[in-house]
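Chemist: My questions all concern the structure below.
Every number here is computed from the coordinates shown, using simple stated rules; none is lab data. Because the structure is predicted, anything quoted here is derived from the model rather than measured.
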Amino acid sequence: MSSEDYLFILSPSGYHADQLMRATSKAYKPFIICEKPVALIKEELERLIESDQRGKFTNTFFVDHWYPRMEGIKQMLRAGIGLENIKQTHLHPHLEISDKHKEYLSEQPISVESLIKVEGYLIEDSHLDTETNMRYPMSFMGGDYSRGESVFKYPNGVLTDTLIHPMNALCYALGIDGLTLQNIKSHFLLDRYGLPIERNDFQNGEAFAQINGNLNLPSGKDIEFDLVANKLAEKDHKGMTLTFEDGRSIIFKKVNGKDTTTLLGRNHEVLALMSTNREPYDLLIKDWILSGKVFQSNLSRPHNEQSLASYLNRIQLTNLQSLIGIQESARGLQSLL
């Protein structure tokens, strides 16, 4: 494929929905890659959902660079990979297993069904104003620290810009279609000054959000989740922790500049370590987009979608419905929870 076969929508978030609809209405249909979030307000999202149901997005991918990062965890959970399986698999070329943990190689495989809790966290460093002793979050529009209000059609805060990362990644890893308002039992938001979001405030973007709830696996089992996004923190901390019935856990996070997936034992000992120093966008573009992986036919999936992209698009649309619902509820547009 040549570069002319792709159209990348990387504009500010408020333009995504309109530009996406225009691009899909053209007679010439390139592969369209749209940065998240694909919508900021309910009316835009409803148009996109209707278009998706009519099959307009067959050549479109609502991108999230956390998806490839979850590939290893997804494979571990889907295949029920234990330590002996990990040792033999070619899915994790960067795997290291400490000699002192060889005795754990006979452990029973972990699986989705033994999962009991998920914690997702995307914490980003903020700027401390020493004169006022207030923290200001990194701007959503660039690399500077923003002290002002985020006013752009509708406030684009951590819900749709940041919290959607661990939500999308969680759903992809577990093979579910998204988290609905019925899954989300509670939420807590703060604005860019660390204060609660006021009713009828449609200008300040939220800088802190925490949502809790449970999700249902296809088997009917409930799993507890707790997801946090915080742009008012003192240091970065990004990743996800999955805890299982027998006390073991999988932790994904960045360690010394490397994306690292660690399997911990019942006593928090390191059983296996997988890491890569490839940048997340390098993984996304080379291994997923330019390779054609997300657009390949994949009819063996349980939902009968035509491609991985169509499945991931549905995840993001479902998650955006919940996040925009929370945002509107917090600001007094309607009571959804």
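Chemist: Debye calculation, C-alpha points only, no solvent: report log10 I(q)/I(0) for segment 15-54 at q = 0.23, 0.28, 0.31 Å⁻¹, in the same order as the q values.
Modeler: These q points yield log10 I(q)/I(0) values of -0.77, -1.07, -1.22.
Chemist: Separate question: Over the Cα atoms of segment 198-336, each weighted equally, I'd like the Debye log10 I(q)/I(0) at q = 0.17 Å⁻¹, rounded to two decimals.
Modeler: Results for segment 198-336 at q = 0.17 Å⁻¹ read -1.39.
Chemist: For a quick check: with amide H placed at 1.01 Å from N, whose amide H comes under 5 Å from residue 307's, ignoring anything fewer than 5 positions away on the same chain?
Modeler: Residues meeting the criterion, in which the H sits 1.01 Å from N, are 298.
Chemist: Mind jotting down the three principal axis lengths of segment 149-232 based on Cα atoms? Whole angstrom, largest first.
Modeler: Projected onto the principal axes, the Cα atoms of segment 149-232 cover 44, 21, 19 Å.
Chemist: Over segment 6-65, what is the relative contact order in percent, taking alpha-carbon pairs closer than 8 angstrom and at least six residues apart?
Modeler: Relative contact order here is 39 percent.
Chemist: Same structure again: Translational diffusion coefficient, Stokes-Einstein: compute it for segment 200-240 using the Kirkwood radius over C-alpha pairs as Rh, at 20 °C and 1.002 mPa s, and state it as an integer in µm² s⁻¹.
Modeler: The calculation lands on 165 µm²/s.
Chemist: Next question. Over segment 161-208, what portion of Cα pair distances is larger than 14 Å, expressed as a whole percent?
Modeler: The answer is 62 percent, as a whole percent.
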